[in-house]
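Structure first, then comments.
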Amino acid sequence: MIPLAIPNLAGREAQYLQECVTTNFVSSVGPFVDRFEKELAEKVGAKFAVSTSSGTTALHLALTVLGVGHNDLVILPSFTFIASANAISHCGAKPWLFDVDPNSWTISVAQLEQALAEKTRVESGRVIHKMTGQRVAAIMPVYTLGTVPDMDAIRKLANKYKLPVIADAAAALGATYHHDHIGGLAEMTAFSFNGNKIITSGGGGMIVGNDETLMKKAKHLCTTARVSEDYLHDQIGFNYRMTNIGAALGCAQLELLDKFLNKKREIAAKYRAAFASFSDVNCFPMPSWAESACWFSGVVLGEKWEVKKVCEQLKTNGIAARPFWMPIHLQPPYARALKESFTVTESFWRGILTLPCSTSLTGQDQDFVIQKLQNILQEG
Ligand SMILES: *Cc1c(COP(=O)(O)O)cnc(C)c1O
């Protein structure tokens, strides 16, 4: 079976893991934790980083530090992984769901601008959603598939309404925005190192940011809000720490990041070229302002094809392929969430077919995938 997106442990992973065992640093403190935070912050151009147990806990921690609480609304594109919405729910808050732009699959700035203008009012510095009376507490753009949205426009709106921005950059490590780093585009930016992401720490996450006070708060809450060695805790904190074992993997993986990014982009370009001439088959969008990390690769099939059926046909040829995120507004736990219209999201999400894109994918295997899919599409 040619897998969809699996870890590629091609560097010093075994050596660093052995080091954890030899030095007895296997738990939530250790030299690799500090090193991974420092090196990742540098890599994305941020001053500070706090490592966490997952991307989801990174988002929950960031939202909490930025003051998102009970019954607040957090602006979120519906086209995202359910963890983005869950992190909001874990704060006791609710997502306010938006459509995406067709040219980036990231939150629709036009819809956001209009909704903020028409559906909210500012009341002693707080943004209040008129119909429900709920406070709008933050904006959470998602860097979909590794693509950064039009953050200049989002920042402008955030500044106008004095709303903090938490970027869900779970799968966007290595992406750039106007040829620049992405670590400072939001108050806090969260990454994931789950097994299928750009790099992995087994499981884990990281928040980066430039505001020292906020980031210190994040570190404090992440480590049970411990004040001193004598078990004094000044808040209800979390145990969201990354282990030294995870960070050891992460450090080894980070050394391979540039190689992985080249490979991810090469895979995406090859699929793009292979299906360019197919009518009714589209590629994932690539806006001009951002270079995507190309987390997942694939195609968007027109309505005459059924993605699940194509996946089955690929599977019988030994190829793992899958549909992609079902939007949040269609998920049972969020069926009653506050929402805008989803004209764009509804027009493409059912057609998405993700294809093998592990960084260990050989050229020969990718050629095989392309050939089989071309055959299936030509027949269908
Ligand atoms: C993977 C992912 C997450 C969650 O990260 P975990 O480490 O799996 O908790 C959140 N948001 C997006 C967009 C993701 O792709």
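Any read-out appearing in this document is the output of simple, stated calculations on the displayed coordinates, not a laboratory observation. Note that the structure is predicted; figures quoted are calculated from it, not measured. Methodologically, a virtual Cβ is constructed for each residue, glycine included, from the backbone with ideal geometry; neighbour enumeration extends over all protein chains shown.
List of remarks:
- Debye log10 I(q)/I(0) for the chain, one point scatterer per Cα, at q = 0.08, 0.10, 0.11 Å⁻¹: -0.41, -0.65, -0.78
- Mean-position separation - Cα centroids, the range 201-250 and the range 275-302, in angstrom: 37 Å
- Charge-dipole axis of the chain as Lys and Arg at +1 and Asp and Glu at -1 on Cβ define it, positive-most pick from P287, F48, H60: H60
- Here the relative contact order of the chain, from alpha carbon pairs under 8 Å that lie six or more residues apart, stands at 24 percent.
- Taken about its Cα centre, the range 1-156 carries a charge dipole of about 400 debye when Lys and Arg each add +1 at the Cβ and Asp and Glu each add -1 at the Cβ.
- Here N262 and I82 are evaluated by their C-beta separation; at R0 = 41 Å the FRET efficiency comes out at 0.85.
- Comparing Q111, L145, L173 along the charge dipole axis of the range 92-248, the residue lying farthest to the positive side is Q111, per the Cβ-charge model.
- Charge dipole (Cα centre; +1 on Lys/Arg Cβ, -1 on Asp/Glu Cβ; no other charges) of the chain amounts to roughly 500 debye.
- Neighbour-count order for L377, L76, fewest beta carbons within 10 angstrom listed first: L377, L76
- Computed from point charges on the beta carbon alone (+1 for Lys and Arg, -1 for Asp and Glu), the dipole magnitude for the range 121-206 about its Cα centre is near 440 Debye.
- Of all DSSP beta bridges confined to the chain, the antiparallel ones make up roughly 65%.
- Simple spin-label estimate for E229 and N103 in nanometres, 7 Å along Cα-Cβ: 5.9 nm
- In terms of the mean number of neighbouring beta-carbon atoms within 10 Å, the peptides 324-333, 35-44 order highest first as 35-44, 324-333.
- Karplus-derived HN-Hα couplings along the range 222-236 (A = 6.51, B = -1.76, C = 1.60, θ = phi - 60°), whole Hz, x at Gly and Pro: 5, 10, 6, 6, 7, 8, 8, 5, 8, 6, 9, 10, 9, 8, 7
- Summed over qualifying helices (DSSP H, 4 residues or more, each -39500 (n - 2.57)) and divided by its residue number, the chain shows a 222 nm mean residue ellipticity of -11500 deg cm²/dmol.
- Applying Stokes-Einstein at 20 °C and 1.002 mPa s to the Kirkwood radius of the range 174-298, computed over alpha-carbon pairs, gives a translational diffusion coefficient of 124 µm² s⁻¹.
- C-alpha center-to-center spacing [the range 132-177, the range 307-353] in angstrom: 23 Å
- Backbone HN-Hα couplings from phi across the range 356-369 [Karplus 6.51/-1.76/1.60, Hz, Gly and Pro as x]: x, 8, 5, 6, 8, 4, 7, x, 5, 5, 5, 4, 4, 4
- Under 28 Å of direct C-alpha separation, and excluding same-chain neighbours fewer than eight residues apart, K264 reaches these lysines: K38, K43, K47, K197, K308, K309, K315, K372.
- Choice from A49, A170, A335 showing the highest fluctuation, given a GNM over the chain with Cα pairs closer than 10 Å: A335
- Selection from A247, N24, G351 lying farthest towards where the dipole of the chain points positive, charges on Cβ: G351
- Going from the residue with the fewest nearby Cβ atoms within 10 Å to the one with the most, K130, K270 rank K130, K270.
- In the elastic network of the chain, a GNM with C-alpha springs shorter than 10 Å, the most mobile of N262, N210, N196 is N262.
- Kirkwood hydrodynamic radius of the range 196-254, Cα pairs, Å: 12.9 Å
- The residues S201, S358, S341, when put in order of fewest to most other Cβ atoms within 10 Å, stand as S341, S358, S201.
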